[in-house]
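These notes are about the structure you will find just below.
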Amino acid sequence: MITKSVTRRNFIASTGAAVAGSVLIDPLSALAFNPQTATAKMKIAIVGTGTRAFGMWAQSVLRDYPDQVEYVGLCDINPGRLEFFKERLGVSCPTFTDFNKMMKEVKPDTLVVTTVDSTHHEFIIKGMEMGANVITEKPMTTDEKKCEAILQAEKKTGKKVIVTFNYRYSPHRARIYELLRQGAIGDLTSVDFHWYLDTSHGADYFRRWHRLKEKGGTLWVHKATHHFDLLNWWIESDPAEVYASGALEFYGKNNSFRHTHCRPCPPKDKCKFYYDMPKDKWHMELYSAHE
């Protein structure tokens, strides 16, 4: 439940963590950095070296802005995965399993946070306190107390937090935004927005840490933040209150059989949600090889 001290209305009004009515095409420019005109490279550090960090940040930023940005540090609690990530990315920056040590030694301009959702606030706050602006994957954090702590740290340090909602950047969703701005369907008086999650993508959440409420805040936070963001962005909405409820109605205990992991699961041959991870070379190299 959102407390009176942290409503979305005063949250947006008091922080740089959301850009409610515009397309954030380049998060780097939102941190007062123009990759096209900068005379010195932006120094970037990343904490959390999983698939999201590699596919949506490290690789694409390095590809698109090789002359404007520089990776100065990578941090993760898993040293094997950390070294594999660095090798695959093709950079020569130092790696760290100690976050504070990384921040003190490399002093990045920008910290990219791509860790487990429930730990985002720790690295966002520490990052700002140690002199960096922060770009974090969605969700920014998992509850209102952590939101409040981030807001206070942002005010105290004068640094900026940018939350990136990757759903905005798909061409058809960006086009919807443009058409609405052009008045293609006239004035909006009511909106009915449904999102149906298929079992291919849906089951994936229940194989990983996202299934744990204490890690991801439930799918109302980890997943539905996408959909609330899309709707608020499309129609320039500023809701005063949001309410949600949910239950485990399909996965987990609802099945007649289950196991701790997919790969060694005894009844995997009859499970329609079985994920044959050995067929996914990338996941085997990034995750399985460093368990």
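No lab work stands behind these numbers, since they all come straight from the coordinates. This structure is a prediction, so every number in the text was calculated from the model and none was measured. A quick note on method: Cβ atoms are made from the backbone with ideal geometry, for glycine too, and the neighbour counts reach across all protein chains shown.
Rg/Rh for the chain stands at 0.97; both radii use Cα atoms, and Rh follows the Kirkwood definition. If you plug the beta carbon distance of Ser237 and His283 into 1/(1 + (r/R0)^6) with R0 = 30 Å, you get a FRET efficiency near 0.25. Residue ranges 118-128, 84-94 sort as 118-128, 84-94 when ordered by packing (mean number of other C-beta atoms within 10 Å per residue, highest first). Projected label points at Tyr274 and Val191, each 7 Å from Cα along the beta carbon direction, are separated by 4.2 nanometres.
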